[in-house]
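K.L.:
I am attaching a structure below and will ask some questions about it afterwards.
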Amino acid sequence: MSRIKTLQDLFKRYRRPGDLVFAVFFMLFALFLLANLGTQTEWVKRTQLVAQPAFWPAVAVWGMAIFGALHLASSFISPRIPGRLAEVTFWLRSLEYVAWFLVYVLLVPQLGYLLSTVAFAVILTFRLGYRGGRMLGFAALTALAIVLLFKSFLQVKVPGGAIYEYLPGAMRSFMLTYF
Amino acid sequence: MDTLFSGLELLARWDVVVALLIGSIGGVIIGAIPGVGAAVAIAILLPATFSFDPIVGLTMLLGIYGSSMYGGALPAILINTPGTAVNALTTYDGHPMTLRGEAQRALALAYTASFFGGVFAILCLILLAPLLALIAPHFGSREIFLAALLGIILVVLAHRGQVFAAGMLAFFGIFLNTVGLEPVKYTRRFTFDQSWLTSGFDLIVVVLGLFAISQAFMLLVDRDTTPHPQPVKGNVFSKMGELFRHKRVATSSSGFGVVMGMIPGVGEFTAQFMSYTYAQKSSKTPEEFGKGSPEGLIASEAANNAVPGAAMIPLLALGIPGEALTAMMLSVFYVHNVIPGPQLFQNDLDFVYALYIAMLLLNVIVLVFLIFSTNLLTRVIQIPTRFLGVIILSLSFVGVYSLRNSVTDCAIAAGFGVLGLVLKRLNLPVVPIILGMVLGGIMEVKLRSGMARIKTPLDMVDRPIAAIIAGLIVLVLVLHVRTLIREHRNRIAESDHDHDIHDSHLR
C-alpha cells in the first residue's frame, strides 16, 4: 500500500458501513427544519436582509439541506459496504450508557456528589466485566480522587445531596461544602 | 521590551506556575493515553477554569494543548497507535524505528523535533506580535466577517473526499448557534415553544458531548484492550543531539507549522502533509520515508508542534478560532469578558506576551519531564480502555453539570455524545460542527454591523484587507475546483491509499 502520495490521501475519509443510514436521517432532519423554517423564525419589518432574525437560520437550514442531499446522493451511488446492521447496533448499544449517565445525573442531588460518583464508578466498572477487587477498588479510588479534585479543591458548583440534611450540624455543613 | 517584561510579571504568580505545571505535565500524560486527546481533556476542564483568572485558566488549557502532542508521539512510536489524531503520521517512521530496535533514538528525535517546532513557533510569534498590533486595528467588522467566512470555507474544503459531509455538519453548527431567543429583535428561533430551547445550545455542552462523552461511549461500547508498550532501554537524553544533523528539515517543517497554524481552518494535518512531502522530496534518501526515516519523523513532529502557538494568532488578534481547541479557549475569554480581537493586541499586549512566554516555558517543562519519565509513562498508559470510558464519563459529568446544575444540559450533552459516537464511527469530522457554531455566531454579528455602514454589497470589499481576504476566498475556491479536476483526471485506485490516516476516533 503506498503512503502519502497525493493531497487527497491526507484528507480523504472513506465511507464506512452505516454511512447511508446517517445520511438518510440527517436529510430527514434537514427537511423537517426546512418545513418549519417559516413558522419557527420571523421576518421583521424595516430591517436589512442580513439583519433579519430569520436570515442565518435560513442560510443554515438551506445549507444543511443542500449539502445533506449531496451527501445522501453520494452515499446512494457508492457501492454498498457490508456490516450496516452491526454498525447501527453498535450505535444503539451506546444508549445503555446514556441511561447510566442520566441515572447518575439524577442521583447526585439526592445522594450527594461523593456517594453517587463512587457508586456510579464501581457499579459501572462491575457492569463492564471487571470483577476483581483490585479493579473495583481502583474505580472507587478514582471516583474519590475526582470528587476531591473538583469539589473539595477546585470548588466547582455541584450541589450537596438531599441525604446530607440528615447529618448532624457541623458534619452537614462540612459535607455540603466539600463533598 | 517593556511589554515583554510586564508579560513576564503577569506570569510570576504561584497559581500560574501551578497551572502551567499541571497543564503541561497533565497534557503529556493525556496525550500519551490512546483514546484521550487534548480535546477531551480541555472540554472536561473548561468549566473548572471559569472560576480562575483568565491567565491562570488559559495557561492550564494552553499547557494541555501544547503538550499533548509530545505525549501522543510515545504510543505512536512504541505501539504504532497514535496518542492523539495528529500523531498519525509519526507512526509511519517512528514505529519502524522501534521495530529496528531504535525506540530510544526515535523518541529522542520526536521529543527534540517537537521542542524545536514549539519553540520556533513561539519565537516567530513574539517577533510578529508588534507587527500584528499594527495590522490588527485595520480589521473592522467586514474584515472579521470575511476572515470567519474564509475559516469556515477552509474547514469544509480541508475534509476532502467528505466535503459534502463537512459542509452539512458546518451548517448544522451554524444552525445550532441560531436556536433560541435572538438578542437583537427578541424573536424566537426554532424553539418549538419548548422552554429548554429558549436559551439555545451552550457551546460547552455541545463540545463536551461531541468530544468527551462520545469518546467515553466509544470506549464503553467497544471491546476492551490494554496497550502494552515495552519499556525503552537507555537514556533518551543521550540521543537528543541528532536533531542538529537535520536542522534544515526541522526548520522548514516548523515554518510550515507556523504558516498553516495561522490560517483558520487549516491546522496540523495540512502542515504535517506539506512538511512531510517537502522533506521527502528534498531528502537524499526519499525511499526511507515510511520505513523509519529520521527526517520523516522530524517533519511530522516539528510541524504539528508548531501549530498550537501559531493557531493563537487568529484567535487573539481577530477573535477567530482556527480549530476546535482554540474554539474552546475562546469561551474562556468570553466568560471573563476579555474579548479577543484587535483591541487585545493594542491594549493588552503584555497579556498576549504572557501567554506566549507560558507556551515557551511549557515546552521546556515537557522536555525535561519526558527525559526523566518516558518509562513511567509507558506504565501509565496501560489503562484498560473500557475502564478509561468510566473515568471520562465521570469527568464529563463535572464539566457539564457544574455549568449551571442543569439536568437538561446533561441530557443534551448525552445526546450530542451519541451523535459524536456515530460521527466518529463513520469517520466523519466533528470539528466543522464546533467551528460552525463559533464562526456562525461571529459571522452573524459582524455581518450585521458591517452591512449597517455600507450602501452596496461591493462596498464590503472596498478596504485593502477586506479585498485581500475576499480575493483569498475566491482563490481557495478556484484552487479547490482545479485540484478536483486534476485528481479526477489522474484517478488513483482507492486501494492504493492508506484510508485510516485520518481517524476521527482519536479526536
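The values are calculated or read from the model by the stated rules, or taken from the named source; none is laboratory data. Only a predicted model underlies this, so the values are computations on that prediction, with no experimental measurement involved. For neighbour counting, all protein chains shown are included, and Cβ atoms are generated from backbone atoms with ideal geometry for every residue, glycine included.
K.L.:
Spot the failing condition for A:Trp91; the list is (1) more than 7 Å from chain B (Cβ to nearest Cβ); (2) part of a helix (DSSP H, G or I); (3) under 23 Å from B:Gly420 (Cβ atoms), and only one is missed.
P.N.:
Tallying (1) more than 7 Å from chain B (Cβ to nearest Cβ); (2) part of a helix (DSSP H, G or I); (3) under 23 Å from B:Gly420 (Cβ atoms), A:Trp91 fails exactly one: (1).
K.L.:
So if I check each of B:Leu149, B:Leu127, B:Leu134, which one is farther than 30 Å from B:Ala279 by Cα, without any contact (Cβ under 8 Å) to a residue 60 or more places away in the chain and either surrounded by fewer than 24 Cβ atoms within 10 Å (Cβ to Cβ) or β-branched (Val, Ile, Thr) (or both)?
P.N.:
B:Leu134
K.L.:
What pairs can you find where one residue is in the range B:275-291 and within 17 Å of B:Val259 (Cβ to Cβ), the other is surrounded by fewer than 16 Cβ atoms within 10 Å (Cβ to Cβ), and their Cβ atoms are less than 7 Å apart, with a gap of 6+ or different chains?
P.N.:
Taking only residues 6 or more apart or on different chains, not a single pair turns up.
This table checks each residue for (1) in a helix (DSSP H, G or I); (2) more than 7 Å from every other protein chain (Cβ to nearest Cβ); (3) of a type in the set (Phe, Trp, Tyr).
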position: A:Phe25; (1), (2), (3): yes, yes, yes
position: A:Leu31; (1), (2), (3): yes, yes, no
position: A:Ala35; (1), (2), (3): yes, yes, no
position: A:Gly38; (1), (2), (3): yes, yes, no
position: A:Leu102; (1), (2), (3): yes, no, no
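K.L.:
Name the residue that is surrounded by the most Cβ atoms within 10 Å (Cβ to Cβ), counting only residues in the range A:165-179 that are within 11 Å of A:Tyr113 (Cα to Cα) and out of contact with any Ser or Thr (no Cβ under 9 Å at 6 or more places or on another chain).
P.N.:
A:Met175
K.L.:
So for the range B:324-338 (the condition being of a type in the set (A, V, I, L, M), without any contact (Cβ under 8 Å) to a residue 24 or more places away in the chain and surrounded by fewer than 18 Cβ atoms within 10 Å (Cβ to Cβ)), does at least one residue qualify? Explain how you work it out, then say what you get.
P.N.:
Filtering the range B:324-338 for residues of a type in the set (A, V, I, L, M) gives B:324-325, B:327-330, B:332, B:335, B:338.
Still in the running and without any contact (Cβ under 8 Å) to a residue 24 or more places away in the chain: none.
Looking for residues that are of a type in the set (A, V, I, L, M), without any contact (Cβ under 8 Å) to a residue 24 or more places away in the chain and surrounded by fewer than 18 Cβ atoms within 10 Å (Cβ to Cβ), one finds none in the range B:324-338, hence no.
K.L.:
Right, here's the next one. Which of the residues spanning the range B:47-65 are small (Gly, Ala, Ser) and at pLDDT below 85?
P.N.:
The first filter runs over the range B:47-65 and keeps only residues small (Gly, Ala, Ser), leaving B:48, B:51, B:57, B:63.
Once the filter is applied, which keeps residues that are small (Gly, Ala, Ser) and at pLDDT below 85, the range B:47-65 yields B:Ala48, B:Ser51.
K.L.:
From A:Leu102, A:Leu141, A:Leu85, A:Leu70, which residue is surrounded by 14 or more Cβ atoms within 10 Å (Cβ to Cβ) and outside the structural domain of A:Leu28 (by TED's automatic domain parsing)?
P.N.:
On the way: A:Leu141 fails: surrounded by 14 or more Cβ atoms within 10 Å (Cβ to Cβ); A:Leu85 fails: surrounded by 14 or more Cβ atoms within 10 Å (Cβ to Cβ); A:Leu70 fails: outside the structural domain of A:Leu28 (by TED's automatic domain parsing).
After applying the criteria, what remains is A:Leu102.
K.L.:
Hey, another quick one. Looking at B:Gly471, B:Gly399, which is the one that is more than 21 Å from B:Val205 (Cα to Cα) and either within 11 Å of another protein chain (Cβ to nearest Cβ) or small (Gly, Ala, Ser) (or both)?
P.N.:
The unique qualifying residue is B:Gly471.
K.L.:
Among helices (runs of 4 or more DSSP H) lying entirely in the range B:339-421, which contain 2 or more residues that are without any contact (Cβ under 8 Å) to a residue 40 or more places away in the chain and either closer than 16 Å to A:Ala99 by Cα or in contact with a Leu (Cβ under 9 Å, 6 or more places away or on another chain) (or both)? Working first, answer last.
P.N.:
Values: elements: B:342-347, B:349-380, B:385-404.
Filter on the range B:339-421 gives B:385-404.
K.L.:
What helices (runs of 4 or more DSSP H), lying completely within the range B:143-220, carry at least 2 residues that are facing another protein chain (nearest Cβ under 10 Å)? Before the answer, list the steps.
P.N.:
Values: elements: B:163-178, B:195-198, B:203-207.
Here the list reads B:163-178.
K.L.:
Would it be correct to say that B:Leu458 is under 28 Å from B:Gly151 (Cα atoms), modelled with pLDDT under 90 and surrounded by fewer than 19 Cβ atoms within 10 Å (Cβ to Cβ)?
P.N.:
Numbers: under 28 Å from B:Gly151 (Cα atoms): yes; modelled with pLDDT under 90: yes; surrounded by fewer than 19 Cβ atoms within 10 Å (Cβ to Cβ): yes.
Yes.
K.L.:
Pairs, please: C-beta under 8 Å, at least 6 apart or cross-chain, first residue closer than 25 Å to B:Gly450 by Cβ and in the range A:30-49, second of a type in the set (Asp, Glu) and not in a helix (DSSP H, G or I)?
P.N.:
none
K.L.:
Here is a further query. What tally of residues in the range A:14-57 results from selecting those that are surrounded by fewer than 18 Cβ atoms within 10 Å (Cβ to Cβ) and small (Gly, Ala, Ser)?
P.N.:
Of the residues in that region, 3 qualify.
K.L.:
So, one more: For the range B:1-29, name all the residues that are surrounded by 24 or more Cβ atoms within 10 Å (Cβ to Cβ) and of a type in the set (A, V, I, L, M, F, W, C).
P.N.:
B:Ala19, B:Val28
K.L.:
Any chance you could count how many residues in the range A:138-162 are basic (Lys, Arg) and closer than 23 Å to B:Phe387 by Cβ?
P.N.:
Pass one, the range A:138-162, residues basic (Lys, Arg): A:151, A:157.
Applying the additional criterion that residues be closer than 23 Å to B:Phe387 by Cβ yields A:151.
Matching residues across the range A:138-162 total 1.
K.L.:
If you don't mind, there's one more thing I want to ask. Restricting the search to the range A:49-84, which residues are over 25 Å from A:Asp19 (Cα atoms) and of a type in the set (S, T, N, Q)?
P.N.:
Within the range A:49-84, just A:Gln52 meets the criteria.
K.L.:
Looking at B:Ala271, is it within 12 Å of chain A (Cβ to nearest Cβ), modelled with pLDDT under 85 and crowded, with 20+ Cβ neighbours inside 10 Å?
P.N.:
Details: within 12 Å of chain A (Cβ to nearest Cβ): yes; modelled with pLDDT under 85: yes; crowded, with 20+ Cβ neighbours inside 10 Å: yes.
It is true that B:Ala271 is within 12 Å of chain A (Cβ to nearest Cβ), modelled with pLDDT under 85 and crowded, with 20+ Cβ neighbours inside 10 Å.
K.L.:
Checking B:Ser114 against (1) more than 29 Å from B:Glu487 (Cβ to Cβ); (2) out of contact with any Lys or Arg (no Cβ under 8 Å at 6 or more places or on another chain); (3) at pLDDT below 90; (4) away from chain A (no Cβ under 14 Å), which single condition isn't satisfied?
P.N.:
Status for B:Ser114: all satisfied but (3).
K.L.:
Return the total of residues in the range B:246-268 being more than 14 Å from chain A (Cβ to nearest Cβ), crowded, with 24+ Cβ neighbours inside 10 Å and not in a helix (DSSP H, G or I).
P.N.:
Number of matching residues: 1.
K.L.:
Here's something else I'd like to know. For the list (1) under 25 Å from B:Gln215 (Cβ atoms); (2) of a type in the set (Phe, Trp, Tyr); (3) in contact with a helix residue (DSSP H, G or I) (Cβ under 8 Å, 6 or more places away or on another chain), I need the number of the one condition that A:Phe67 fails.
P.N.:
Only one criterion in (1) under 25 Å from B:Gln215 (Cβ atoms); (2) of a type in the set (Phe, Trp, Tyr); (3) in contact with a helix residue (DSSP H, G or I) (Cβ under 8 Å, 6 or more places away or on another chain) is unmet by A:Phe67, namely (1).
K.L.:
Sticking with this one: Assess whether B:Thr98 counts as being part of a helix (DSSP H, G or I), within 14 Å of chain A (Cβ to nearest Cβ) and among the β-branched types (Val, Ile, Thr).
P.N.:
When the stated conditions are applied, B:Thr98 does not pass them.
K.L.:
Right, here's the next one. Go over the candidates A:Leu176, A:Leu144 one by one and state the one that is more than 10 Å from chain B (Cβ to nearest Cβ), under 19 Å from B:Ile383 (Cβ atoms), at pLDDT 85 or above and assigned to a helix (DSSP H, G or I). Full working, then the answer.
P.N.:
Values: A:Leu176 fails: under 19 Å from B:Ile383 (Cβ atoms).
So the residue among A:Leu176, A:Leu144 that is more than 10 Å from chain B (Cβ to nearest Cβ), under 19 Å from B:Ile383 (Cβ atoms), at pLDDT 85 or above and assigned to a helix (DSSP H, G or I) is A:Leu144.
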